[in-house]
Amino acid sequence: MRKIVLVLGVFLAAPVFLAAQTATSAGWQGRLDRDLLLMGHRNWILIVDSAYPLQSSPGLEEVETNADQLEVVRYVLHSINNSIHVRPDIFMDAELPFVQEEDAPGTDAYRDGIAKLLDNQNVQSELHEKLIADVDQAGQAFHVLVLKTRLAVPYSSVFIRLNCKYWSDDAEERMRSKMGPPRAEPGAAPVPQPLPAQPAPPPQEQPAPPAGSEPGTPPAPPSPQ
């Protein structure tokens, strides 16, 4: 009788356990899908390893995915590429290529996997501390979504800064060049302008030597009185 009750208990608990796993997976994906609709340029999405710190900037939101990092990166890039409003500027730690396999097992396999996944992407490298500082500063004014994964490889986080899909960097530069320098606000002190270059003064003429003296001969000392 006890065995029957135990089997029934396991059988009844299994759907609950599977539902909890599904809810966790759907939770981070649903959070990303909802946030991405509201996010735009200057927002960030981070897919980080399991030891990434919990930062305290007001705009940062960290979500535990309990998922494989490559799986999360793939889903995030797919969602961004299918959007109509944002494109990714991708950054990774400059330290990652120098991490040795014997110091961090699994690093070689991860480097191969992430290289294939980001093969057609323009990935920029920055020092880890610089990226954390950039994210912290962005979080003071903009929303940053941090998706934490199960990955246990150092310097493996993927930092994605969102940019505007329908406005290129070249178009922005052309527009700014046509606008010219910014106008001074009313009441603001005028911006000092550089003075125009002044012509060099003409060389002064040397006095002619006395008559009868040879060129280069020093003048004779005055006669004693």
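Taken together, the values in this text are just the output of simple stated rules run on the coordinates, not laboratory data. These numbers were taken from a predicted model, which means no experiment stands behind them. Because the Cβ atoms are built from the backbone with ideal geometry, glycine has one as well, and the counts that use them run over all protein chains shown.
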What FRET efficiency comes out for D136 versus L195 if R0 is 41 angstrom and r is the Cβ-Cβ distance? Round to the nearest 0.05. 0.45
Distance in nm between label sites at H85 and W167, each 7 Å beyond Cα in the beta-carbon direction? 1.3 nm
Rough spin-label spacing in nm, given labels placed 7 Å along Cα→Cβ, for Q100 and A184: 6.1 nm
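For the range 42-166, just run the numbers: alpha carbon Rg, then divide by 2.2 N^0.38 Å, N being how many residues it has.
Against the empirical 2.2 N^0.38 Å value, I get 1.01 for the range 42-166.
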So between L117 and L38, what do we pick up on full extension, going 0.36 nm a residue minus the alpha carbon distance? 25.9 nm
Of all DSSP beta bridges having both residues in the range 42-166, the percent classed as antiparallel (nearest 5) is 45 percent
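What order do you get for 66-72, 95-101, 27-33, 151-157 when each peptide is scored by the mean count of other beta carbon atoms within 10 Å, highest first?
My ranking of the peptides, most packed first, is 151-157, 66-72, 27-33, 95-101.
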